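Below is one structure, written out as structure tokens; comments come after it.
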Amino acid sequence: MKKEQISFSYEVLNAVELLPEADQELFKKAREVTQLAYAPYSRFFVGAAAVLQNGKTITGTNQENASFPAGICAERVLLSAAASLYPGIPLLTIAISYFNKNNGKSERPLAPCGICRQSLLEYELRQQQPIRLLLGGMEGEIFVIDDAKVLLPLYFSGSDMT
Ligand code: THU
């Protein structure tokens, strides 16, 4: 028997102010747009903001539905917006923040859900360039992950079907 291990490293910053200026701006934008989320059912408001290689910034928020599975996460709203508004322009960094209206808490970084990890991975493979993630809440620590696909070890992709 053979054992394998997969690990990855990421940076943990104590506060958003420790990020480079451009990242701070992006993260603040993600915090700001959480208010635009449509989350009447979960009351969990997620905001994402991304910068593209052409310098443009785009945002996305979670959009829920009374038919729960029809709801979509902020990250995938953002990826769809990026691909629609700026096709072929690589996405460099995505900042993701949230606010939990149920308990008012928002100090622990939020990591994207499994479906969003899969979507981020596909986007990276498509643009052949890593996507950097900045994860956090309305206050507290920020996680910096240099390549989104590390969040999905042993991933499934189109090449598995060839
Ligand atoms: N949500 C996101 O938008 N992104 C995530 O990474 C985790 C979950 C949304 C989906 C749903 O509207 C609410 O948060 C609660 O799950």
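When Ala37, Ala82, Ala48, Ala74 are checked against the criterion of being more than 10 Å from the ligand (Cβ to nearest atom) and either open to solvent by 70 Å² or more (accessible area, probe 1.4 Å) or aliphatic (A, V, I, L, M) (or both), Ala82 stands alone in meeting it.
If you check Phe143, Phe156 for being surrounded by fewer than 18 Cβ atoms within 10 Å (Cβ to Cβ) and in a strand (DSSP E or B), only one passes: Phe143. Only one entry in Gly137, Gly104 is open to solvent by less than 50 Å² (accessible area, probe 1.4 Å), small (Gly, Ala, Ser) and modelled with pLDDT under 95, namely Gly104. Leu19 falls short on exactly one of the conditions (1) in contact with a Phe, Trp or Tyr (Cβ under 7 Å, 6 or more places away or on another chain); (2) away from the ligand (no atom under 16 Å from the Cβ); (3) free of Cβ contacts under 8 Å to residues at least 40 places away in the same chain, and that condition is (3). Flag set for Ala66, criterion: outside any strand (DSSP E or B) and either surrounded by 17 or more Cβ atoms within 10 Å (Cβ to Cβ) or more than 8 Å from the ligand (Cβ to nearest atom) (or both). If we keep just the residues of region 118-134 that are outside any helix (DSSP H, G or I) and out of contact with any Asp or Glu (no Cβ under 9 Å at 6 or more places or on another chain), which is most open to solvent (accessible area, probe 1.4 Å)? If we take residues in region 118-134 being outside any helix (DSSP H, G or I) and out of contact with any Asp or Glu (no Cβ under 9 Å at 6 or more places or on another chain), then Gln128 is most open to solvent (accessible area, probe 1.4 Å).
Filtering Asp160, Asp146 for residues that are of a type in the set (Asp, Glu) and free of Cβ contacts under 8 Å to residues at least 24 places away in the same chain leaves a single hit, Asp160.
Do you know which of the residues in region 99-117 that are in contact with a helix residue (DSSP H, G or I) (Cβ under 6 Å, 6 or more places away or on another chain) and not in a helix (DSSP H, G or I) is nearest to the ligand (Cβ to nearest atom)? By that ranking, first place goes to Pro112.
The values are calculated or read from the model by the stated rules, or taken from the named source; none is laboratory data. If you're wondering where the values come from, they're calculated on a predicted model, not measured in any experiment. Methodologically, a virtual Cβ is constructed for each residue, glycine included, from the backbone with ideal geometry; neighbour enumeration extends over all protein chains shown. When the accessible area is computed, the model is the full protein with side chains, heavy atoms only, and any ligands, DNA or RNA have been set aside. Shrake-Rupley method; radii C 1.70, N 1.55, O 1.52, S 1.80 Å.
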